[in-house]
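The values are calculated or read from the model by the stated rules, or taken from the named source; none is laboratory data. Here the structure is a predicted model, which means the values were calculated and not measured. Counting neighbours? That spans all protein chains shown, and the Cβs are built from the backbone with ideal geometry, glycine included. All accessible areas refer to the heavy atoms of the entire protein, side chains included, with ligands and DNA or RNA removed. Shrake-Rupley method; radii C 1.70, N 1.55, O 1.52, S 1.80 Å.
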Amino acid sequence: MSESNAAVHVPPARKNYDVVIIGGAMMGSSLAWFLASNDAFDGSILVVERDPTYEFSSTYRSAAGIRQQFSSELNVRISQFGAQFIDNLRSFLGDDPRVPEVPIRNIGYMYLAGDEAGVERLKYAHGVQQKAGAATRLMRPEEIAEAYPFYNLDGVLLGSHNTVGEGTWDPVTVHDWWKRIARERGAEFIHNEAVALDLSQDGTRVDAVHLASGESVACGTVINAAGTRAASVAGMAGITIPVEPRKRFAYVFKAEQPLSKPLPLTIDTSGVYCRQDGSDTYLAGGHTEPDGPSAIDDFSMDHGLWMDRIWPAIATRIPQFEAVRVIAEWCGHYAYNTLDQNAIAGPHPHVRNFIFMNGFSGHGVQQSPAMGRGMAELIVHGEYRSLDLSPFHFDRVLSGTPYPESAII
Ligand SMILES: Cc1cc2nc3c(=O)[nH]c(=O)nc-3n(C[C@H](O)[C@H](O)[C@H](O)COP(=O)(O)OP(=O)(O)OC[C@H]3O[C@@H](n4cnc5c(N)ncnc54)[C@H](O)[C@@H]3O)c2cc1C
């Protein structure tokens with residue numbers, strides 16, 4: 001399968017906007033909604049989206065998970081706000097009765113460690129999560145066996161488990177309502193593509209965004225929310241960012257003998273993950289080795305991966321998965337930050353009106369509420385007011401200093 005973009009571009013209604021957001025998926029729409037809903041903001045917003053079907057976006061191909069189990073406190077707090085937002089969607093969206101309630105399905109996550117280094121990682125992360133108030137619990141193999149008798153725990157030394165604010169949710173519905181309400185509050189969404197940026201003569205500002213349809217718009221602030229195309233959009237401003245597309249594969253399957261209780265999203269010692277999907281279906285995912293960059297429009301399946309790596313791993317860990325039938329499969333791309341697999345967010349230190357929302361690797365849908373809120377605060381108030389997101393700033397890329405996160409799936 002390859003990406004197509006049969007363009008029927010829509011021209012912008014105006015010649016200038018206070019805020020131009022490039023990319024209208026999870027990050028772009030979150031920011032548009034947080035801005036449009038902020039009483040202190042009365043500016044104009046343009047969201048430029050090259051593919052309004054979102055078919056190939058990471059957002060529409062994600063595994064829709066949210067977890068508190070990160071190794072950096074900031075990522076835990078970001079997901080805590082994510083969980084609060086998802087579980088109270090209608091209330092956050094102004095108690096609008098049209099908005100559905102789509103709370104998290106708290107099936108939880110279960111990280112399994114099979115060696116001493118893994119045990120140390122889980123223990124360290126557990127300390128961080130506890131400090132942030134997460135309900136994570138370390139479990140010895142016998143405790144895991146008692147709670148989830150279907151696992152084969154050979155080779156497992158420790159587990160880390162939580163079912164509060166952790167499980168699966170419905171990012172597509174949240175995305176849809178962010179877009180819909182942002183639009184109703186004046187944000188303009190157009191089907192078009194940003195193809196070039198004009199910098200000011202001294203190189204400290206983006207003055208204008210050029211569109212594939214031929215128009216250009218002047219901008220007060222421009223946001224790079226272009227997902228796997230983030231490096232290309234940054235490049236239009238002469239900026240290099242370490243973000244590349246990487247293929248990730250997902251499989252939905254039925255088991256001949258379903259499990260006795262919902263399967264937490266289990267990160268096996270092999271790196272393969274698997275979780276409950278529907279009431280009698282499961283979802284597993286992983287990637288090929290060696291991992292590396294993909295062509296931007298290559299969404300082809302690797303036909304050996306399921307048989308050679310994913311299925312053997314899950315059938316070893318859960319013997320009932322010896323007899324399964326794959327009913328759906330897809331390939332999506334992570335916007336993979338090769339420096340540290342963490343977000344690159346916030347303003348460029350020199351091109352001051354260029355804001356990044358990039359490099360979310362495998363955890364961007366759950367981070368979208370906190371990221372949209374944070375970037376809106378920065379634009380409206382010139383500072384973060386709820387969570388300080390400055391550890392994600394681009395400065396660390398310039399200095400080559402990673403902001404590490406060890407719990408990457
Ligand atoms: C298989 C898989 C599983 C995942 N599982 C999870 C999970 O369980 N939990 C989690 O939190 N995250 C998960 N993720 C990651 C998550 O999906 C992403 O981090 C998140 O969706 C990023 O959103 P985004 O808006 O930044 O990017 P995207 O969703 O990729 O959207 C970027 C948008 O920008 C548009 N665009 C690009 N260039 C231009 C341009 N020049 N002009 C106009 N528009 C442009 C694109 O068309 C696209 O719609 C997963 C990802 C994959 C692939």
Which residues, taken from region 329-375, are of a type in the set (A, V, I, L, M) and more than 24 Å from ILE310 (Cβ to Cβ)?
LEU339, ALA343, ILE344, ALA345, VAL351, ILE355, MET357, ALA370, MET371, MET375
Within region 118-127, does at least one residue satisfy the condition of being at pLDDT 95 or above and outside any helix (DSSP H, G or I)?
no
THR168 is checked against (1) more than 26 Å from PRO100 (Cα to Cα); (2) within 16 Å of the ligand (Cβ to nearest atom) and fails just one. What number does that condition carry?
(1)
Scanning region 306-337 for residues that are of a type outside the set (Val, Ile, Thr), surrounded by fewer than 21 Cβ atoms within 10 Å (Cβ to Cβ) and either more than 17 Å from TYR251 (Cα to Cα) or within 16 Å of the ligand (Cβ to nearest atom) (or both) gives TRP306, ARG309, PRO319, ALA328, GLU329, TRP330, CYS331
If I ask for residues that are surrounded by fewer than 21 Cβ atoms within 10 Å (Cβ to Cβ), closer than 23 Å to SER406 by Cβ and under 22 Å from the mean Cα position of the chain (by Cα), which ones from region 250-284 would you list?
ALA250, GLY271
Is there a residue in region 89-98 that is over 28 Å from GLY186 (Cα atoms), surrounded by fewer than 19 Cβ atoms within 10 Å (Cβ to Cβ) and either away from the ligand (no atom under 13 Å from the Cβ) or among the charged types (D, E, K, R) (or both)?
no
Residues in region 354-366: is at least one more than 16 Å from the ligand (Cβ to nearest atom) and part of a loop (DSSP other than H, G, I, E, B)?
no
Meets criteria (open to solvent by less than 10 Å² (accessible area, probe 1.4 Å), within 22 Å of ALA376 (Cβ to Cβ) and either under 18 Å from the mean Cα position of the chain (by Cα) or outside the structural domain of HIS126 (by TED's automatic domain parsing) (or both)) for PHE85:
yes
Considering residues of region 181-199 that are over 15 Å from VAL19 (Cα atoms) and assigned to a loop (DSSP other than H, G, I, E, B) only, the residue least open to solvent (accessible area, probe 1.4 Å)
ASN192
Please go through region 212-227 and give me each residue that is within 11 Å of the ligand (Cβ to nearest atom) and either over 27 Å from VAL365 (Cβ atoms) or surrounded by fewer than 24 Cβ atoms within 10 Å (Cβ to Cβ) (or both), ordered by number.
ALA212
Residues to consider are ASP202, ASP207; find the one that is assigned to a strand (DSSP E or B) and either open to solvent by 40 Å² or more (accessible area, probe 1.4 Å) or in the same structural domain as GLY28 (by TED's automatic domain parsing) (or both).
ASP207
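Condition check ((1) assigned to a helix (DSSP H, G or I); (2) among the hydrophobic types (A, V, I, L, M, F, W, C)) across all residues:
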| site | (1), (2) |
| --- | --- |
| HIS9 | no, no |
| ALA13 | no, yes |
| ILE21 | no, yes |
| GLY28 | yes, no |
| VAL48 | no, yes |
| PRO52 | no, no |
| PHE70 | no, yes |
| PHE81 | yes, yes |
| SER91 | yes, no |
Mind listing whichever residues of region 138-149 are surrounded by 16 or more Cβ atoms within 10 Å (Cβ to Cβ) and either in contact with a helix residue (DSSP H, G or I) (Cβ under 9 Å, 6 or more places away or on another chain) or in a loop (DSSP other than H, G, I, E, B) (or both)?
LEU138, MET139, TYR148
Picking from PHE70, PHE56, which residue would you name as being within 12 Å of the ligand (Cβ to nearest atom), under 30 Å from ASP154 (Cβ atoms) and buried (at least 20 other Cβ atoms within 10 Å of the Cβ)?
PHE70
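For every residue, the table says whether it meets (1) of a type in the set (Gly, Ala, Ser); (2) within 16 Å of the ligand (Cβ to nearest atom); (3) under 19 Å from TYR273 (Cβ atoms).
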{"position": "SER30", "(1), (2), (3)": "yes, yes, no"}
{"position": "LEU46", "(1), (2), (3)": "no, yes, no"}
{"position": "ASP115", "(1), (2), (3)": "no, no, yes"}
{"position": "GLN129", "(1), (2), (3)": "no, no, yes"}
Single condition VAL10 does not satisfy, out of (1) among the β-branched types (Val, Ile, Thr); (2) in the same structural domain as ASN224 (by TED's automatic domain parsing); (3) under 30 Å from ARG205 (Cβ atoms):
(2)
Residue check, ARG98 in a helix (DSSP H, G or I) and of a type in the set (D, E, K, R):
no
If you go through ASP291, ASP340, ASP298, the only one that is under 23 Å from the mean Cα position of the chain (by Cα), closer than 23 Å to SER71 by Cβ, surrounded by fewer than 18 Cβ atoms within 10 Å (Cβ to Cβ) and in contact (Cβ under 8 Å) with a residue 40 or more places away in the chain is ASP291
